[in-house]
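Inspection log for the structure reproduced underneath, given as structure tokens.
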Amino acid sequence: METINSNAAYRRKGPAFYLKIYLKIVAQDIKSKMSYRTDFFISTIGMITTNIAGFIAFLIMFGKFPSINGWEYYEILFLYGFSLISITPTQCLLDNNWSLRRYVYDGDFVKYCFRPINLWFYYVSEVFDVKGLGQLAFGTGTLVYAWIKLALPVSLILILKTVVALVTASLFMMALQNAAAASCFWIQNSFWLLDISLKMKDYAKYPVTIFNDVFKFIFTFIIPVAFMAYYPSLAILRPDNVPVLTYLSPFLGILAFYGSYKLWMKGAGKYDGSGS
Amino acid sequence: MESIIKLSNVSKEFKILNRHEGLAGSIRDLFSRDYKIVRAVDNISLDVAQGEIVGFLGPNGAGKSTTIKMMTGVLEPSNGELIINNRIPYKDRTKNSQEIGVVFGQRSQLWWALPLVESFKLLKDIYQISDKDYNDMLELYGSMIDLEPLLHKPVRQMSLGQRTLSDILAAFLHNPKVVFLDEPTIGLDVAMKSKIREMILGLNQKKNTTVILTTHDMGDVDALCHRIVIIDKGRMLYDNDIEHLKKFFGAYRTLKIRLREDTEEAAVKLTKELSDLDIAISNDDTWISILVNEEKTRVIKVLERIQETHSVRDMQLEEISTEDVIKKIYEGGTGFGK
Amino acid sequence: MVNKLKKYFALTRLGVLETLQWRIALCVMVLGNLLYLTLIFFLWKAIFASAGTDVVNGMTFEMTMVYLVLATSLYGVVELYLVWEIGRNIQSGKIVLDLLRPFKYKQYVFWENSGSLLVNFLFTFLPTFIVVRLMTKGTIPLGINLIYFLLAFVFSIIINYNIDFIVGTICLYTESIWGINIMKQMLVSLLSGATIPLAFFPDRVAAVVKYLPFRAIYDTPLTLLMEADPDWHTVVSKLGFSLFWVIAISLFSNLFWRLSIKQVTVNGG
């Protein structure tokens, strides 16, 4: 009896284990969301309204000008759709990070610390934000529309490139949000940092060439806004002139995400569970 | 017996910012580096064997929770050595978690919107419990309480008592070697309290689970703990069984009286009238309890003094209650723990 | 009367203290706003550069920047995320305690947050205003327009607070704070001219937006601030418009609150 039990304890927990657990938790989460039906309905409307309002703002700003800074209207629209899609994983998977500061502040975070699975995973898995999928649909529509207007070819290789570029951009966005949320382990109110990270995403959709050299550097290497749409999508929009950074971006994306994860875990390790 | 928990000279220090008062103070705090070191746990050693139930007692802020957080691997001790299940919990938090269960205050660790059984199923996967062990455990639960209605109720719709019960069941589900319970009966009614105590005792006996329990409720201590550990200001004051403790206070008696007047008012009056005697007076709705140290003051003398001015309707003489023992120790000045 | 005010100012003072407690958060907030403004600066610079003319929709680049910088810092003052607070109070049931206090709930929430409003005004808007004024020299005149601005600013706070309060009240009916709040935030920041000056709106859209209360929050105070010596007609019509909405929306939010809370007490929410 004793030995059987401790064997179970030492069974390796690989990606398959985590995927299985995640799918189960998400299924449960969606099930429970359905029990608050009006909330789900209103949140979805809110999400759609937000996207429409954002789109209107975009039209007002750029509709009148055929090109900005050497980027034609539909290219900017492409970046717009691109950034909406690449925010989706952050929105859907990491939504619980928005509550982190409250859990830490109230001392409730401690309840996540007693499970024999990865702490970050266990924490973020608790919430899956379904309405992020609405944003995904909106972004995809915009991207496809811009794609057609730009007369980009529909080839397997280009679609593949786009997918890689989107994954890359998503990794950067997740990294930024994750790191911003983790800051609450050190400073009491991380809300402003999270808010900034959300705003940064809004500005990711503009070509980084509009900045002067100093800020180009800052937004490329310090706050990686330029990687959230601009560099990855150059491979699609400007295939003749792809900078090295675009080729490097998938690897940098993985690195950034891993870094943010490490930061989060380090913060959680520092957590004393007493509340502030 | 093999020890499952072993603490050797464990201490924990926190760095706390000195905050200043008032508007100017707040502005100064913006730039302040003025920290002070607080010792929440000070040089504690402890050895717990498999299957024991140990009660952790102490006033609020005594360091009980901090000690538990160190044992569960959430906090790293500043000094000393801490071994749970032959592991250093802080370094090996994930593996340590596999073999412990925790219920922390009223913070439910269950999935809020889901029926309890769904939470159980998720925990079954997370702790990789085999189908057989899982079913056996549910069967055991079923034999102890009326499980069925609880299983299909969403946690958010449960009463506090049901939720606490569910959390305790969830903590025992993967048959851990040690379960930590932080004030499990706080805020519950009498019936629920005794139900939860029975449950804990039953699981401890059937599964030989070690239970570490913090509480302010002496009912918990009397019902569950063979052994108690008293902590105050981070230091360990006492570690032995409750009988031992009572023997130490063997000369103490509790004199309980009922008077032919309002209990509340009489207690106030008596406190004033008998202020020259070395006794402690408290009261509930019907009884006035007077704690007397026989070595210093004779009970008979106290009674005489009372009868001079009051008319006694009923009286009882009891050994010192656990509650009073603990109170005495917190108050200090008993020569205890030296 | 004085005693009554004293009671409320005590709340203000507490709010000030609490806001200052968030040490680093305050610095981060300032840094965040600066970053955001940098982005705005370069974005609009690119837009003006591609327009090929100095004046777009009657505004120069400098005017647009001054407007947007001030709008952003004003946003930091006015936006107190009260929908969240009210909504959460309602859901957690804390509202029952608040209703028992010797204040009217609407007043209570306002004065409780007035401290951080004051801190925000002194530590974000005022420095921003001074810096912008020093950097651009001529764009912001210093004269009677300051009075108009302050008046319009007070109206702006009242209108914005009432909108928050109405939206917060809706939380009595639905559990969805997030959805309602995000809708409110997006609509207000777009239609009030907080993110894009109303002058840039296409005529047909502008014709509708002109009559909505939202413009009284950012557009009216800021345009009054930036005009040296506006004619009486403009001043009266703009302030009159704001005042009309102050009254209308206050009445509406009071009524809506009273009806809603009655329903809740009847249903035993």
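Hey, does the stretch B:119-136 have a residue that's on the phi < 0 side of the Ramachandran plot, part of a helix (DSSP H, G or I) and in contact with a Pro (Cβ under 9 Å, 6 or more places away or on another chain)? Within the stretch B:119-136, one or more residues are on the phi < 0 side of the Ramachandran plot, part of a helix (DSSP H, G or I) and in contact with a Pro (Cβ under 9 Å, 6 or more places away or on another chain).
What residue, among those in the stretch C:235-263 that are surrounded by 16 or more Cβ atoms within 10 Å (Cβ to Cβ) and under 11 Å from C:LEU172 (Cβ atoms), is modelled with the lowest pLDDT? Among those that are surrounded by 16 or more Cβ atoms within 10 Å (Cβ to Cβ) and under 11 Å from C:LEU172 (Cβ atoms), it is C:ILE261.
In this structure, A:ASP213 does not qualify as farther than 16 Å from A:TYR258 by Cβ, within 10 Å of chain C (Cβ to nearest Cβ) and not aliphatic (A, V, I, L, M). Every condition in (1) modelled with pLDDT under 90; (2) touching a Gly at 6+ places or on another chain (Cβ under 8 Å) holds for C:MET226 except the one numbered (2).
One residue alone among B:ASP276, B:ASP324, B:ASP285 is outside any strand (DSSP E or B), within 26 Å of B:VAL229 (Cα to Cα) and outside the structural domain of B:ASP220 (by TED's automatic domain parsing), and that residue is B:ASP324.
Among residues that are over 17 Å from A:LYS201 (Cα atoms), more than 11 Å from chain C (Cβ to nearest Cβ), out of contact with any strand residue (DSSP E or B) (no Cβ under 6 Å at 6 or more places or on another chain) and free of Cβ contacts under 8 Å to residues at least 40 places away in the same chain, A:TYR122 is included. When the stretch A:59-91 is filtered for residues that are within 22 Å of C:LYS184 (Cα to Cα) and either more than 10 Å from chain C (Cβ to nearest Cβ) or in contact with an Asp or Glu (Cβ under 6 Å, 6 or more places away or on another chain) (or both), the ones remaining, listed by number, are A:LEU84, A:ILE87, A:THR88, A:GLN91. Of the residues that make up the stretch B:244-261, is at least one closer than 25 Å to B:ILE100 by Cα and either surrounded by fewer than 19 Cβ atoms within 10 Å (Cβ to Cβ) or assigned by TED's automatic domain parsing to the domain that holds B:PHE180 (or both)? For the stretch B:244-261, residues closer than 25 Å to B:ILE100 by Cα and either surrounded by fewer than 19 Cβ atoms within 10 Å (Cβ to Cβ) or assigned by TED's automatic domain parsing to the domain that holds B:PHE180 (or both): absent.
A quick yes/no check of all residues on (1) surrounded by fewer than 22 Cβ atoms within 10 Å (Cβ to Cβ); (2) at positive phi; (3) touching a helix residue (DSSP H, G or I) at 6+ places or on another chain (Cβ under 8 Å); (4) not in a loop (DSSP other than H, G, I, E, B):
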site: A:LEU160; (1), (2), (3), (4): yes, no, no, yes
site: A:VAL167; (1), (2), (3), (4): yes, no, yes, yes
site: A:GLN177; (1), (2), (3), (4): no, no, yes, yes
site: A:ALA182; (1), (2), (3), (4): no, no, yes, yes
site: A:TRP192; (1), (2), (3), (4): no, no, yes, yes
site: A:ASP195; (1), (2), (3), (4): yes, no, yes, yes
site: A:LYS199; (1), (2), (3), (4): yes, no, yes, yes
site: A:TYR206; (1), (2), (3), (4): no, no, yes, no
site: A:THR209; (1), (2), (3), (4): yes, no, yes, yes
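Of the residues B:PRO154, B:PRO149, the single one that is touching a residue at least 40 places away in the same chain (Cβ under 8 Å) and closer than 26 Å to B:ASP136 by Cβ is B:PRO154.
Are any of the residues in the stretch B:111-121 modelled with pLDDT under 90, assigned by TED's automatic domain parsing to the domain that holds B:VAL211, touching a helix residue (DSSP H, G or I) at 6+ places or on another chain (Cβ under 6 Å) and under 20 Å from B:THR214 (Cβ atoms)? So far as the stretch B:111-121 goes, no, none of its residues is modelled with pLDDT under 90, assigned by TED's automatic domain parsing to the domain that holds B:VAL211, touching a helix residue (DSSP H, G or I) at 6+ places or on another chain (Cβ under 6 Å) and under 20 Å from B:THR214 (Cβ atoms). Number of residues in the stretch C:208-224 that are closer than 19 Å to A:MET61 by Cβ and surrounded by fewer than 20 Cβ atoms within 10 Å (Cβ to Cβ): the value is 2. All conditions but one from (1) within 9 Å of chain A (Cβ to nearest Cβ); (2) touching a Phe, Trp or Tyr at 6+ places or on another chain (Cβ under 7 Å); (3) at pLDDT 90 or above apply to C:ALA216; the one that does not is (1). The sole residue among A:ALA151, A:ALA57, A:ALA137 that is in a loop (DSSP other than H, G, I, E, B), surrounded by fewer than 19 Cβ atoms within 10 Å (Cβ to Cβ) and either at pLDDT 90 or above or among the small types (Gly, Ala, Ser) (or both) is A:ALA151.
Restricting C:LEU191, C:LEU187 to residues that are buried (at least 22 other Cβ atoms within 10 Å of the Cβ) and free of Cβ contacts under 8 Å to residues at least 40 places away in the same chain narrows the list to C:LEU191. Of everything in the stretch C:169-179 that is in a helix (DSSP H, G or I) and either in contact with a Ser or Thr (Cβ under 7 Å, 6 or more places away or on another chain) or modelled with pLDDT of 90 or more (or both), the residue that is nearest to the other protein chains (Cβ to nearest Cβ) is C:GLY179. Taking the criterion of being under 25 Å from B:SER3 (Cβ atoms) and assigned to a loop (DSSP other than H, G, I, E, B), the only residue of the stretch B:184-200 that qualifies is B:PRO184. The set of residues from the stretch B:201-227 being at pLDDT below 90, in contact with a helix residue (DSSP H, G or I) (Cβ under 7 Å, 6 or more places away or on another chain) and in a loop (DSSP other than H, G, I, E, B) comprises B:THR215, B:CYS225. Among the residues of the stretch A:14-50, those that are among the small types (Gly, Ala, Ser) and within 14 Å of chain B (Cβ to nearest Cβ) comprise A:GLY14, A:ALA16, A:ALA27, A:SER32, A:SER35. Of the set (1) closer than 17 Å to C:LEU43 by Cβ; (2) touching a helix residue (DSSP H, G or I) at 6+ places or on another chain (Cβ under 6 Å); (3) aliphatic (A, V, I, L, M), all apply to A:ILE218 but (2). Against the numbered list (1) facing another protein chain (nearest Cβ under 10 Å); (2) in contact (Cβ under 8 Å) with a residue 12 or more places away in the chain; (3) crowded, with 18+ Cβ neighbours inside 10 Å, B:LYS69 comes up short only at (2). Would the stretch B:105-113 turn up any residue that is in a loop (DSSP other than H, G, I, E, B), more than 7 Å from chain A (Cβ to nearest Cβ), on the phi < 0 side of the Ramachandran plot and free of Cβ contacts under 8 Å to residues at least 40 places away in the same chain? Looking through the stretch B:105-113, none of the residues is in a loop (DSSP other than H, G, I, E, B), more than 7 Å from chain A (Cβ to nearest Cβ), on the phi < 0 side of the Ramachandran plot and free of Cβ contacts under 8 Å to residues at least 40 places away in the same chain.
In the stretch C:132-139, the count of residues that are modelled with pLDDT of 90 or more, surrounded by fewer than 21 Cβ atoms within 10 Å (Cβ to Cβ) and not acidic (Asp, Glu) is zero. What's the number of the only condition in (1) within 13 Å of chain C (Cβ to nearest Cβ); (2) farther than 21 Å from A:ASN69 by Cα; (3) hydrophobic (A, V, I, L, M, F, W, C) that A:VAL167 fails to meet? Condition (1) is where A:VAL167 drops out. Determine if the stretch B:140-158 includes at least one residue that is within 22 Å of the chain's Cα centre (by Cα), under 15 Å from B:GLN106 (Cα atoms) and more than 14 Å from chain A (Cβ to nearest Cβ). Checked the stretch B:140-158: no residue is within 22 Å of the chain's Cα centre (by Cα), under 15 Å from B:GLN106 (Cα atoms) and more than 14 Å from chain A (Cβ to nearest Cβ). Is there a residue in the stretch C:145-165 that is outside any helix (DSSP H, G or I) and at pLDDT below 90? Scanning the stretch C:145-165 turns up no residue that is outside any helix (DSSP H, G or I) and at pLDDT below 90.
The values are calculated or read from the model by the stated rules, or taken from the named source; none is laboratory data. These numbers come from a predicted model, not from an experiment. As a convention, Cβ positions derive from the backbone with ideal geometry for all residues, glycine included, and neighbour counts pool all protein chains shown.
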